[in-house]
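These notes concern the structure reproduced below.
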Amino acid sequence: MMRNLDEITNKNPFKVPENYFEEVNRKIIASTAGAETKDRQKGLYRRLRPILAAAASVAVLILLSYAALKIFLPSGNTTRMPEISLQEFSDTYLNDIDVLSLEEAADPAAFYNKVPDVSNSEIIDYLILENIDINEIYELL
């Protein structure tokens with residue numbers, strides 16, 4: 001049941017005992033004055049607990065990864081490349097490459113853009129160093 005506002009008085013219903021604040025300080029000092037503070041040293045387990053937790057987490061992660069690999073990857077069914085000699089490889093693969101079709105497919109502009117400017121005298125000097133006859137050089141130029 002609710003009261004009317006007129007029935008409520010402005011009197012504070014809560015009271016503090018006499019000399020409470022003076023006595024509370026004395027009681028606190030008396031109870032803590034005789035007690036010695038003990039520095040509890042942490043045990044070995046308590047100091048190593050974070051490191052052990054991290055190690056356990058890593059171990060669980062490794063075990064789960066290993067189990068997932070064993071479950072999802074096929075075991076023992078590895079495909080092997082046939083063992084062939086270098087001669088067989090060159091005969092079957094390298095000789096089948098058509099050099100002319102590669103040259104035709106290549107963009108000649110891409111090559112010419114990368115060639116530095118070289119003078120005729122530098123070309124002649126290079127060809128002479130490669131033991132090409134001077135008469136053949138003049139015939140080509």
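Things to note:
- Subset of segment 81-125 that is of a type in the set (S, T, Y) and part of a helix (DSSP H, G or I) - its residue that is modelled with the highest pLDDT: S121
- For segment 13-56, the set of residues classified as in a loop (DSSP other than H, G, I, E, B) and either touching a helix residue (DSSP H, G or I) at 6+ places or on another chain (Cβ under 6 Å) or at pLDDT 80 or above (or both) consists of F14, K15, V16, P17, E18, N19, G43, listed by residue number.
The values are calculated or read from the model by the stated rules, or taken from the named source; none is laboratory data. What you are looking at is a predicted structure, and each value in this text was computed from that prediction instead of being measured. Every residue, glycine among them, receives a Cβ derived from its backbone with ideal geometry; neighbour counts consider all protein chains shown.
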